[in-house]
Amino acid sequence: MNYVNLTGIRGDSTTFNFSLNDCNGVPLNLSGAELTMTIGYGSFQVLQKNIVDHVIPESGITYVQISGNDWDNIPNGTFDYDVQITDYYNQISTVMRGLFYIEEDVTR
């Protein structure tokens, strides 16, 4: 599992591109898999995105897109996040986690 911190700016559309590998550095095959990215703290979720269409699934390349409106009801601050994969066989594994910083947009 990878530990990576991410940042989102309130009101901005943001795309996070991921190249996902197993613990040996071999790309994960995402064919038929669902990726779920959840941002929150404790058991409280502030945003969740589910992706089933991957860029190059056989090579573990995918993305999560967050629109500007997705930030509307989320306060600025530091949250936890994780990225989980549910594979073709319905096996769930956490492949990435870390801190997610949501910052105020300066330009209005």
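The values are calculated or read from the model by the stated rules, or taken from the named source; none is laboratory data. The structure presented is a predicted model; accordingly, all values stated were derived computationally and were not measured. Glycine gets a Cβ as well: all are built from the backbone with ideal geometry, and neighbour counts include every protein chain shown.
Just the residues that are closer than 21 Å to Tyr41 by Cα and in contact with a strand residue (DSSP E or B) (Cβ under 7 Å, 6 or more places away or on another chain), please, taken from segment 91-108. Full working, then the answer.
Kept after step one, since they are closer than 21 Å to Tyr41 by Cα, are these residues of segment 91-108: 92-104.
Of everything in segment 91-108, those that are closer than 21 Å to Tyr41 by Cα and in contact with a strand residue (DSSP E or B) (Cβ under 7 Å, 6 or more places away or on another chain) turn out to be Ile92, Ser93, Thr94, Val95, Met96, Arg97, Gly98, Leu99, Phe100, Tyr101, Ile102, Glu103.
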Exercise. Looking at (1) small (Gly, Ala, Ser); (2) without any contact (Cβ under 8 Å) to a residue 24 or more places away in the chain; (3) on the phi > 0 side of the Ramachandran plot, can you tell me which one Ser43 breaks?
Worked result: (3)
For this session: Assess whether Ser67 counts as being of a type outside the set (Val, Ile, Thr) and within 23 Å of Thr107 (Cβ to Cβ).
Result: yes
Exercise. What are the pairs, 6+ residues apart or on separate chains, where a residue within segment 3-28 that is closer than 18 Å to Phe79 by Cβ has its Cβ under 6 Å from a residue that is in a loop (DSSP other than H, G, I, E, B)?
Worked result: Ile9/Asp105; Arg10/Glu104; Arg10/Asp105; Gly11/Asp105
Exercise. Consider Tyr88 against the criteria (1) touching a strand residue (DSSP E or B) at 6+ places or on another chain (Cβ under 6 Å); (2) part of a loop (DSSP other than H, G, I, E, B); (3) in contact (Cβ under 8 Å) with a residue 40 or more places away in the chain: it satisfies all of them except one. Which criterion is unmet?
Worked result: (1)
Problem set entry | Qualifying positions in segment 53-108 - under 11 Å from Ala33 (Cα atoms), exposed (fewer than 13 other Cβ atoms within 10 Å of the Cβ) and of a type outside the set (D, E, K, R) | Tyr88, Tyr89, Asn90, Gln91, Ile92
Seminar exercise, completed: Per the filter on segment 88-104, residues more than 13 Å from Gly8 (Cα to Cα) and hydrophobic (A, V, I, L, M, F, W, C) are Ile92, Val95, Met96
Exercise. Which of the residues belonging to segment 19-43 are at pLDDT 95 or above, within 12 Å of the chain's Cα centre (by Cα) and either of a type in the set (A, V, I, L, M, F, W, C) or not in a strand (DSSP E or B) (or both)?
Worked result: Leu35, Met37, Ile39
For this session: Within segment 61-85, work out how many residues are at pLDDT below 95 and either closer than 17 Å to Cys23 by Cα or assigned to a helix (DSSP H, G or I) (or both).
Result: 4
Seminar exercise, completed: Only one of Leu30, Leu35 is in contact with a helix residue (DSSP H, G or I) (Cβ under 9 Å, 6 or more places away or on another chain), closer than 14 Å to Gln84 by Cβ and surrounded by 13 or more Cβ atoms within 10 Å (Cβ to Cβ), namely Leu30
